[in-house]
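The values are calculated or read from the model by the stated rules, or taken from the named source; none is laboratory data. Just so we're clear, the structure is a prediction, and the values are computed from it rather than from any experiment. Note that each Cβ is placed from the backbone with ideal geometry, even for glycine, and that neighbours are counted across all protein chains shown.
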Amino acid sequence: MERDQRIGAALAAATCSLLGISSPAPSIAAEPDSKWDVDSAFLFYGESDSRVQDLSLAASAVRDFGDEHRLALEGTIDSLTGASPNGAMATAGAQTFTSPSARGAYSTLPGQVPLDSTFHDMRTALNASWSQPFARLYSVSAGLGFSNEFDYTHIGGNLAMTRDFNERNTTLSIAAAYANDSVKPVGGLHTPLSLMADSVNRDDEEGGTGGSKKKNVLDLLFGVTQVLGRHGVLRVNYSYSDETGYLTDPYKILSVVDPVTGDLVSRTPPPGAEGPLGLYRYESRPDTRRKQALYAELRQDFSGKVLQLAYRYAKDDWQVDSQTLEARLHLPWGESNYFEPHVRYYKQTAASFYRYSLADTIPLPEFASADARLAALDTYTVGLKFAHTMADGSEWSARLELYDQKAKAPVQNLIGNQVGNTKMPDFNAVILQFGYHFKL
Amino acid sequence: MTARQVELTRGDDLWIARFHAMGGPCEVLVDTDQEPLARMLAVRAAECAWRIEHKFSRYRTDNIVARINCARGATVQVDEETAGLLDFADRMHRLSDGAFDITSGVLRRAWNFDGGTRVPTAAEVARLLPLVGWQKAQWVRPVLKLLPDMQIDLGGIGKEYAVDQAAQVLARISELPALVNFGGDLAVSRPRARDRPWRIGVEDVTQADRQRAVKLIDLHSGAIATSGDSHRFVTADGERLPHILDPRSGFPVRGAPRSITVAAPNCTNAGMLTTLAMLRGPGAEAFLEAEGVRHWIQR
């Protein structure tokens, strides 16, 4: 084999002689012309009791330039409507609140968890990333992202690198992402723990202090992926996230209650003014949050049926510790269909500053929030996906998921009459998604 | 042994027949919606695979290969088909300056490519080398005489040869386009209507996540062969040695790619190009570039 001359002609002649053919048909083989791999999806998310509804359209396209050089583009448009809990507790009587814009008021019925129904937003997001091999066993990727809502802007970038070891049976990944977000609340910013004021009638006046706030997020990830024999893959990730800046939800309030009875402290707006009939304070959160998470995922192929099991443990310095357990099964059905049942369980402990309500005492705590998402939570998801591959290689899919969230206020958090009478803003939700994957 | 069964399933606009032969899963895709026709063609292709496996398997004691390997230095007269394969092996041995050698199978007594770390000593390998070397055989068609204890193994060409034979049988007996796929080596019997290709997925051996990562190739006519098994290797001092042995040294070829896929007019031709490229080790890319054939290499 040391000689350099071509052997093609001699090989072709020998093969023809072996197969007893005179002139074989030429080989015509090429990589498919399609360069763009496109995923499009329409998603409906609807919470019970006409709470948040999200209609979302998403499209992503990946272009392969060969030799694993890839450009990925992604765009999403969300339309959010509905009502969301404002943080105040349910009371025996009706309640009235100043709307976030401070230009009106809204009321809730006796015994109901107060919902702010003025909530609606349009979110657009764009992401672009590039990935390519680098040296023999390395691969790098870099991306930029941008999203915009009425009151929120996000700009972020990320870098990732992987290195293969052990004859590519082991892959180490390291990734970093940085985001610079900006919040500009409707109705302006409120001083933390300030009282909800009466609504104003003049258009040029705002209830809060105005302006916008920044939030920066740094995420770091270290991961190992290990091939286990012919049919298994294990992935373990450690991630660290550091958020600084304005982490408060500008629309969330706490009910101010009598420190003995636990009942809402009532208030009478001045004559002619429209405003809250009780005392409510805007929430206050720390301006840093450090989170660590450990994630393990095992995927095992049982001759076409693929089982995926995942567990995630996360903790942060707000004392929110969470655990997630998830299982997914990929079940081929016939030649061109598959089913994917999915279950997920998530549990978290309450943040150290979570309160069901705020006692009317001096001094006020530094941090307090009645956002149920910071309470102790149990959530369950069950879902099923069905996909069908068409003759031209495109794929249709439909996914239905049911989600249930139950929050719990820590008992030591409750005051007087609240014990045994708490009403958390629990809900369930339906997620319905239609997807179409094709090549261009 | 797996039962000789051909199972058909309906694809979107074709029938897919599956059976087991040559130590692995085999498929025949027939471009028709008529099940009986598809079954008839698939059974013919399967019979072709089983016949060739039976005739040339080195694991049997009742075939021509066993007769040659047990001849203990005596001459053996072979049939036309075997003679054709031996002629081909003889030409390949000369074309590759001895790198391709059907007598190299005895080296497996020293090498066990089971993913372990057992590497034989140079002395162990040297003891086997006298039994390796096609140039030591006397081949005067149709008579073959090996040295006592020398053996031949047609495994390096048998599967691709079977793919071509099956594709030829299907082309001869039917107008229907079909794709023959014996464990990843494939050939087209006839081009499909309206210039539609057969879309072929090649396993991406470099990705930890082998479920998804697949290189797609549209094959209109001709054949494709892939060489390289990511699961057969031995590790020496942390370096992974592939299962491709250089019969001249008795040791694995260093620097060979993980996987080589080549497109050629027929599968035997494609398979031989992948093998010869593998034997070039680090020079595999340069070799295939110089030959001017469509190829896909995974390192």
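Figures for the structure shown
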| item | result |
| --- | --- |
| Identity of the residue in the stretch A:204-235, among the β-branched types (Val, Ile, Thr) and either within 20 Å of the chain's Cα centre (by Cα) or buried (at least 19 other Cβ atoms within 10 Å of the Cβ) (or both), that ends up modelled with the highest pLDDT | A:Val217 |
| Residues within the stretch B:10-31 that are more than 30 Å from B:Ile68 (Cβ to Cβ) and modelled with pLDDT of 90 or more, tallied | 9 |
| Enumeration of residues in the stretch A:415-430 that are of a type in the set (A, V, I, L, M, F, W, C) and buried (at least 17 other Cβ atoms within 10 Å of the Cβ) | A:Ile415, A:Met424, A:Phe427, A:Ala429 |
| Matching residues in the stretch A:297-329 - criterion: being in contact (Cβ under 8 Å) with a residue 24 or more places away in the chain, in a strand (DSSP E or B) and either buried (at least 16 other Cβ atoms within 10 Å of the Cβ) or over 19 Å from the mean Cα position of the chain (by Cα) (or both) | A:Glu297, A:Leu298, A:Arg299, A:Gln300, A:Asp301, A:Phe302, A:Lys305, A:Val306, A:Lys315, A:Asp316, A:Ser322, A:Leu329 |
| 1 or more residues within 30 Å of A:Val320 (Cα to Cα) and without any contact (Cβ under 8 Å) to a residue 40 or more places away in the chain: qualifying strands (runs of 3 or more DSSP E) within the stretch A:376-440 | A:376-389, A:395-408 |
| For B:Val202: the one exception among (1) of a type in the set (A, V, I, L, M, F, W, C); (2) within 12 Å of another protein chain (Cβ to nearest Cβ); (3) within 24 Å of B:Leu107 (Cβ to Cβ) | (3) |
| Helices (runs of 4 or more DSSP H) (entirely within the stretch B:56-159) containing at least 2 residues that are modelled with pLDDT of 90 or more | B:64-69, B:80-95 |
| Failed item in (1) within 14 Å of chain B (Cβ to nearest Cβ); (2) assigned to a strand (DSSP E or B); (3) out of contact with any His (no Cβ under 8 Å at 6 or more places or on another chain), with A:Ala29 passing the rest | (3) |
| Strands (runs of 3 or more DSSP E) fully within the stretch A:64-118 counting 2 or more residues that are touching a residue at least 12 places away in the same chain (Cβ under 8 Å), among the acidic types (Asp, Glu) and in contact with a strand residue (DSSP E or B) (Cβ under 7 Å, 6 or more places away or on another chain) | A:70-81 |
| Number of the condition not met by A:Leu144 [criteria: (1) part of a strand (DSSP E or B); (2) of a type in the set (A, V, I, L, M, F, W, C); (3) surrounded by 14 or more Cβ atoms within 10 Å (Cβ to Cβ)] | (3) |
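Matching residues to (1) within 14 Å of another protein chain (Cβ to nearest Cβ); (2) at pLDDT below 95; (3) over 30 Å from A:Asp219 (Cα atoms):
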position	(1), (2), (3)
A:Gly262	no, yes, yes
A:Ser266	no, yes, yes
A:Glu283	no, no, no
A:Ala293	no, no, no
A:Ser303	yes, yes, yes
A:Ala310	no, no, no
A:Glu326	no, no, no
A:Tyr345	no, no, no
A:Thr361	no, yes, yes
